[in-house]
Amino acid sequence: MAIAFFDLDRTLLSVNSGSLWVRRELALGHISKRQAMKAMVWLARYQFGFVSGEAMVAEAVRFIEGVPGKELAERTRTFYDAEVRGALRPGAIEMVERHRARGDRLVMLTSSSHYLAELVGAELQFDGLLANRLHVGPDGRHTGRIDGRVCFGEGKLAHAKVEAERQGASLADASFYTDSFSDLPVLEVVGTPVAVNPDPRLRRHASKRGWKVVDWGEPVARVA
């Protein structure tokens, strides 16, 4: 069995769901302007290399400390229906179907929450999901921590290795599609690394390594 790993934000999707989530949470009054500003500052610091991705994810998870799990799941579904479902790239849908036709195992490998990953995974009928699982305490509320290792950077590679071992597959036979330079640890070990609408650093690196660079296009606006 060969595994096809897919990143989520700006790969399967044309948007960064994290930024959209912060704006929506602010508009709905679930977070304050101060919290929204703090979240965007952390995102900017990460993009400019001032903080690690792991630290950024850990900080983001602290924002939902105390929120009931069922409530966050419902908010995520509403968010998905309103702002995410229509952002799937047409090329992503096509590539997913190509791998499905080959009999490959389709696995999402993302730093997003398991709540959002599960919704996209159900939409595209993925076989497996590797995401950041938000820890819920005995009282049903989020603790502000993540279950297991953060699914980011080297953490993504660790999750991918476990998945390959579980399936009796080899990463040398796997494909990985992503837009982000932060996913280099996984790209370096899979047999077929593909840069999808890549950020500038990944585009340069992919060019040097001779990796395939593709454009999966922008979603076609849905007619109401």
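The values are calculated or read from the model by the stated rules, or taken from the named source; none is laboratory data. Computed from a predicted model, the values in this text were never measured in an experiment. Counting neighbours? That spans all protein chains shown, and the Cβs are built from the backbone with ideal geometry, glycine included.
Inspect all residues belonging to region 111-121 and state whether any of them is without any contact (Cβ under 8 Å) to a residue 24 or more places away in the chain and more than 17 Å from the chain's Cα centre (by Cα). Within region 111-121 (the criterion being without any contact (Cβ under 8 Å) to a residue 24 or more places away in the chain and more than 17 Å from the chain's Cα centre (by Cα)), the answer is no, since none of the residues qualifies. Scan region 8-25 and tell me whether some residue there is crowded, with 20+ Cβ neighbours inside 10 Å, at pLDDT below 80, of a type in the set (Gly, Ala, Ser) and assigned to a helix (DSSP H, G or I). No, region 8-25 contains no residue that is crowded, with 20+ Cβ neighbours inside 10 Å, at pLDDT below 80, of a type in the set (Gly, Ala, Ser) and assigned to a helix (DSSP H, G or I). For region 29-50, check the following and say yes or no: at least one residue is surrounded by fewer than 18 Cβ atoms within 10 Å (Cβ to Cβ), within 23 Å of VAL220 (Cα to Cα), modelled with pLDDT under 90 and small (Gly, Ala, Ser). No, region 29-50 has no match at all.
Answer yes if at least one residue in region 102-110 is out of contact with any helix residue (DSSP H, G or I) (no Cβ under 7 Å at 6 or more places or on another chain), in a helix (DSSP H, G or I), of a type in the set (D, E, K, R) and in contact (Cβ under 8 Å) with a residue 40 or more places away in the chain, and no otherwise.
yes
Every condition in (1) over 20 Å from PRO68 (Cβ atoms); (2) among the basic types (Lys, Arg); (3) at pLDDT below 95 is met by ARG100 except one, and the failing one is (3). Residues of region 1-33 that are within 16 Å of ARG85 (Cβ to Cβ), without any contact (Cβ under 8 Å) to a residue 60 or more places away in the chain and in contact with a Lys or Arg (Cβ under 7 Å, 6 or more places away or on another chain): ASN16 alone.
Taking the criterion of being surrounded by 13 or more Cβ atoms within 10 Å (Cβ to Cβ) and at pLDDT below 95, the residues of region 184-217 that qualify are ASP199, ARG201. Run down ASP147, ASP127, ASP139, ASP173 and say which single residue is surrounded by fewer than 20 Cβ atoms within 10 Å (Cβ to Cβ), farther than 18 Å from ASN16 by Cβ, among the acidic types (Asp, Glu) and touching a residue at least 60 places away in the same chain (Cβ under 8 Å). Matching residue, one of ASP147, ASP127, ASP139, ASP173: ASP173.
Among the residues making up region 52-84, those that are outside any helix (DSSP H, G or I) and closer than 17 Å to MET40 by Cβ are PHE63, ILE64. Listed by position, the strands (runs of 3 or more DSSP E) inside region 125-203 whose residues that are on the phi > 0 side of the Ramachandran plot and not aromatic (Phe, Trp, Tyr) number at least 1 are 142-147.
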